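The values are calculated or read from the model by the stated rules, or taken from the named source; none is laboratory data. Here the structure is a predicted model, which is why all the values come from computation and not from measurement. So basically every Cβ, Gly included, is an ideal-geometry build from the backbone, and we count neighbours across all protein chains shown. Just the protein is used for accessible areas: all its heavy atoms, side chains included, with ligands, DNA and RNA removed. Shrake-Rupley method; radii C 1.70, N 1.55, O 1.52, S 1.80 Å.
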Amino acid sequence: MREVLIVQNSGSGGPSRFGGWLEDAGLALDVILAHEGAPLPRRLDHAALIVLGGGYLPGDDERAPWLADARRLVGQALEEEVPMFGICLGGQMLAQVAGGEVTGDTGAPENGSLPVTIRPEAAADPLFHGLPEAVPAVEHHKDAVTRLPGGAVWLAETAACPYQAFRVGERAWGVQFHPEVLPARIREWRANGFDPDEVYARAVADEPVSTPIWHRVATRFAALATESSGAAREVGARQA
């Protein structure tokens, strides 16, 4: 069965429903609890790579020494065109590895379900094409991508944090928001300046709209991973 390598960077930051959607599409999950000291593989021999969120900057190696290995895997995914999806910290890591810039504690923090504007460039994107002009997405960050890598395609934005979604090359996506998170998870978050009851209620109200949209994106990513894995096996068989 085709496997997706998932790098988990915090105890509460698992793949959640995004992982379930990938499994429903026929993929197996290889979840590495990197934050607990589980080693990351030396090479990416998986159908796809997902790097999840966590309370770090992408280069915060002193606090999270496994991030260096995670960056190496992201670099391999980019070089070998292995499908990759980075969420929050994972999206910031993709931006940094590809030559963009990430800044800590910048701009206005975002927390809870907020409308994300899908940009016109998304019309031709394999994952984001055909989405509504505005989509609710769960946010929880104060760090952000502040410069996209050269040649990246800018896919989605908010007023407080412009680079909400982008693509590097043809097979690597980064998002600042959390398509994997259900409203119950928001109860575990604490963010100064936000009313937790109000934030939770808004996420519950938005969930029926947001869930089918992010399910569609996850299913498209799964199809891409499946196709890419099949193509790689065919190339390997011809070279054997």
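Restricting the stretch 172-190 to residues that are at pLDDT 95 or above and out of contact with any helix residue (DSSP H, G or I) (no Cβ under 7 Å at 6 or more places or on another chain) leaves a set whose member that is farthest from P136 (Cα to Cα) is W173. In a residue-by-residue description of the stretch 126-146, the property of being open to solvent by 40 Å² or more (accessible area, probe 1.4 Å), farther than 24 Å from G55 by Cβ and touching a residue at least 60 places away in the same chain (Cβ under 8 Å) applies to at least one position.
Of all residues in the stretch 208-225, exactly one satisfies the criterion of being over 21 Å from A25 (Cβ atoms) and of a type outside the set (A, V, I, L, M), namely P208. Residues that are open to solvent by less than 40 Å² (accessible area, probe 1.4 Å) and either in a loop (DSSP other than H, G, I, E, B) or touching a Cys at 6+ places or on another chain (Cβ under 8 Å) (or both) within the stretch 103-117 comprise G104, E110, listed in sequence order.
Does the stretch 159-182 hold any residues that are in contact with an Asp or Glu (Cβ under 8 Å, 6 or more places away or on another chain), outside any strand (DSSP E or B) and open to solvent by 20 Å² or more (accessible area, probe 1.4 Å), and which are they? Of everything in the stretch 159-182, those that are in contact with an Asp or Glu (Cβ under 8 Å, 6 or more places away or on another chain), outside any strand (DSSP E or B) and open to solvent by 20 Å² or more (accessible area, probe 1.4 Å) turn out to be A160, Y163, G169, E170, R171, L182. When the stretch 118-158 is filtered for residues that are of a type in the set (A, V, I, L, M, F, W, C), farther than 18 Å from P212 by Cβ and part of a loop (DSSP other than H, G, I, E, B), the ones remaining, listed by number, are L148, A152. Looking across L49, L44, L94, one residue alone is open to solvent by less than 40 Å² (accessible area, probe 1.4 Å) and either assigned to a strand (DSSP E or B) or modelled with pLDDT under 95 (or both). It is L49. Here Y56 clears all of (1) in contact (Cβ under 8 Å) with a residue 40 or more places away in the chain; (2) outside any loop (DSSP other than H, G, I, E, B) except the condition numbered (2). Number of residues in the stretch 198-218 that are under 17 Å from F18 (Cβ atoms) and either of a type in the set (F, W, Y) or not in a helix (DSSP H, G or I) (or both) equals 1. For the stretch 128-143, the criterion of being modelled with pLDDT under 95, over 23 Å from A95 (Cβ atoms) and among the acidic types (D, E) is met by no residue.
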